1. Which of the residues spanning region 286-298 are within 19 Å of residue 342 (Cα to Cα), out of contact with any Cys (no Cβ under 9 Å at 6 or more places or on another chain) and open to solvent by 30 Å² or more (accessible area, probe 1.4 Å)?
2. Scan region 273-285 residue by residue and report those that are out of contact with any strand residue (DSSP E or B) (no Cβ under 9 Å at 6 or more places or on another chain) and either assigned to a helix (DSSP H, G or I) or surrounded by fewer than 19 Cβ atoms within 10 Å (Cβ to Cβ) (or both).
3. Can you confirm whether residue 593 is over 20 Å from residue 500 (Cα atoms), without any contact (Cβ under 8 Å) to a residue 60 or more places away in the chain, surrounded by fewer than 20 Cβ atoms within 10 Å (Cβ to Cβ) and within 25 Å of the chain's Cα centre (by Cα)?
4. List pairs: first residue in region 550-562 and at positive phi, second residue in a loop (DSSP other than H, G, I, E, B) and open to solvent by less than 50 Å² (accessible area, probe 1.4 Å) anywhere in the structure, Cβ distance under 8 angstrom, at least six positions apart or on different chains.
5. With respect to residue 313, determine if the residue is open to solvent by less than 50 Å² (accessible area, probe 1.4 Å), part of a loop (DSSP other than H, G, I, E, B) and modelled with pLDDT of 95 or more.
6. Determine whether residue 252 is open to solvent by less than 50 Å² (accessible area, probe 1.4 Å), part of a strand (DSSP E or B), under 22 Å from residue 294 (Cα atoms) and in contact with a strand residue (DSSP E or B) (Cβ under 8 Å, 6 or more places away or on another chain).
7. Identify, from the list 270, 350, the residue that is in contact with a Ser or Thr (Cβ under 7 Å, 6 or more places away or on another chain), in a loop (DSSP other than H, G, I, E, B) and open to solvent by 10 Å² or more (accessible area, probe 1.4 Å).
Amino acid sequence: MGGHDYFNATLPDEVVIEIFRRLDFKLKREVCPLVCHRWLRVDRLTRSTLKLGAAGSSDLFLRTLATRFPNATNIHVDERFATSPPHDTQWERRSRDNLKVSSGESCGSVGNVDSPCLSDAGLAAIGEGFPRLEILNLIWCSNVTSDGLASLAHKCTSLKSLDLQGCYVGDQGLAAVGQCCKQLEDLNLRFCEGLTDTGLIELALGVGKSLKSLGVAACANITDSSMEAVGSHCRSLESLSLDSEFIHNQGVLAVARGCPRLKVLKLQCINVNDDALKAVGGTCLSLMSLALYSFQRFTDKGFIAIGKGSKNLKFLTLSDCYFLSDKGMEAIATGCEELTHLEINGCHDIGTPGLQAVGQACRHLTELALLYCQRIGDAGLLQIGHGCKYLQTLHLVDCSSIGDEGICGIARGCKNLKKLHIRRCYEIGNRGIIAVGKHCKLLTDLNIRFCDRVGDQALIAIAEGCSLHYLNVSGCHKIGDAGVIAIARGCPQLCYLDVSVLQNLGDMAMTELGKHCPLLKEIVISHCRQITDVGLTHLIKGCTMLESCHMVYCSGITSAAVTTMVSSCPNIKKVLIEKWKVSQSTERRAGSVISYFSVDL
């Protein structure tokens, strides 16, 4: 070959771009610009998304990004987190003394260049440098004001999606968006405390024809007047999320009557009652997703209206709706037969009859979550198992009346089950989980945290019948080496394992995991006092893809094992351990991957 670059000599840019596009692992895409100058140039021209974190949104850095990636159309700035920039060797080389670079997804945090946070000058730089910008997310950018937003709006007239969560912008900035960004479809105003009705009304007047999604939360000065403007001008609105104690029936009624295309509605408004829900059921005939949180004024009357009108409803979330009973649930079930996802959380008046109605009528149900439902018993799950053959996901949390009989019914009837999460359901034991292992051959994700009646026999049955990828048995104190060894031998695809607080688990299980689970990436063994350096060493030797290990309060593990882990695992990203178990040399070598667990007295 003589060192000749046949790849670059024969393949045009279009083919290289297509190859980059098909890379499914982000790290592969991140290292491509480091190969040669041509690949760096191609990456700059084709990069569409830039992500910045805290201290990465400085104004000077944004101006530099505009020259490096002129075709970016999606910019995400989140000042709560730190991420890293795309690889650009020239930028890194010239700024090595001033910039701190860490690994990340698309773009991100760079150390202090001029100002560590995004300001109005930074927004102006975005507007000037990325005139074709379509998506802009500004999360908790506290230094941004209306002046900066107005400047950007005049430059980025093709903007389609804008997220201003936690930004203290005012009415002037939002009005400018309404005047200039006529293609805006998606707007999030969560925690925008500087806004009033004036700004949102101006925006509705300006982009009412294009706006499809709106989110408003914790905006004390947004009232029913804004919702009336939305109802009058935003006829194409498809998604609305409202979290406010200042919105009443009047506002929700206006939206329901004025937005006939509404498909998604999320409400957490304590001053809204059945009249609003009746209007939704009567007029929003395209509604597909409904989520209601902390409602103390809704009764079965409102849900009867939903059942009668919202025949296309597929997703339903009910959280802390204290006055909804089995009667309302039965109306939803019989009227909304297309329901595929149902979550009931803390609705204490919904019991077994309500869930039985769902099992009888909603044949297409694929996901069911029951949280803190003390009145729902085994008979409800038996009916789900009998009627909902397509169920793939089941979540149960603190359901004290559900036991082995109900789980057996699910196992026998729902053979498509792929994900089963159970937490603190103390009546569920070996018999139910054994039935799952026998009948649910497609199960890949099992979480039975603190189900203290489940033991080794259950895991042996799971290992024989299922090929798990994810397993969490934290707090199941009856599980020991035998169960985990069976999982290791029967589930070679395992990539996540949490066996924390298992007092009977020791080195034998770790050794078998090292032998049979080469794909394991994350493991939690905290509070496992019988695991020692010997077992951990065998685990490390076989699980070369390990990325994360939590091992606090493991009295048998010493600093030697910690040193072995950080030096022998090439992909390790996080080790959670007590500080006193980390030697100075280990800290110098791998301080970036070690997280300390300590309790200050």
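1. Once the filter is applied, which keeps residues that are within 19 Å of residue 342 (Cα to Cα), out of contact with any Cys (no Cβ under 9 Å at 6 or more places or on another chain) and open to solvent by 30 Å² or more (accessible area, probe 1.4 Å), region 286-298 yields 286, 288.
2. Just the residues of region 273-285 that are out of contact with any strand residue (DSSP E or B) (no Cβ under 9 Å at 6 or more places or on another chain), to begin with: 273-275, 278-279, 281-283, 285.
Hits for region 273-285 are 274, 275, 278, 279, 281, 282, 283, 285.
3. yes
4. The qualifying pairs are 553/526.
5. On the way: open to solvent by less than 50 Å² (accessible area, probe 1.4 Å): yes; part of a loop (DSSP other than H, G, I, E, B): yes; modelled with pLDDT of 95 or more: yes.
Yes: the conditions hold for residue 313.
6. no
7. On the way: 350 fails: open to solvent by 10 Å² or more (accessible area, probe 1.4 Å).
Going through 270, 350 in turn, the sole match is 270.
Yes/no per residue for (1) touching a strand residue (DSSP E or B) at 6+ places or on another chain (Cβ under 9 Å); (2) assigned to a helix (DSSP H, G or I); (3) over 26 Å from residue 397 (Cβ atoms):
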residue: 266; (1), (2), (3): yes, no, no
residue: 287; (1), (2), (3): yes, no, yes
residue: 295; (1), (2), (3): yes, no, no
residue: 306; (1), (2), (3): yes, yes, no
residue: 317; (1), (2), (3): yes, no, no
residue: 323; (1), (2), (3): no, no, no
residue: 330; (1), (2), (3): no, yes, no
residue: 337; (1), (2), (3): no, no, yes
residue: 354; (1), (2), (3): yes, yes, no
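The values are calculated or read from the model by the stated rules, or taken from the named source; none is laboratory data. Quantities reported herein were computed from a predicted structural model and do not represent experimental measurements. Cβ sites come from the backbone with ideal geometry, for glycine too, and all protein chains shown count toward neighbours. Protein only, heavy atoms only, side chains kept; ligands, DNA and RNA dropped before computing areas. Shrake-Rupley method; radii C 1.70, N 1.55, O 1.52, S 1.80 Å.
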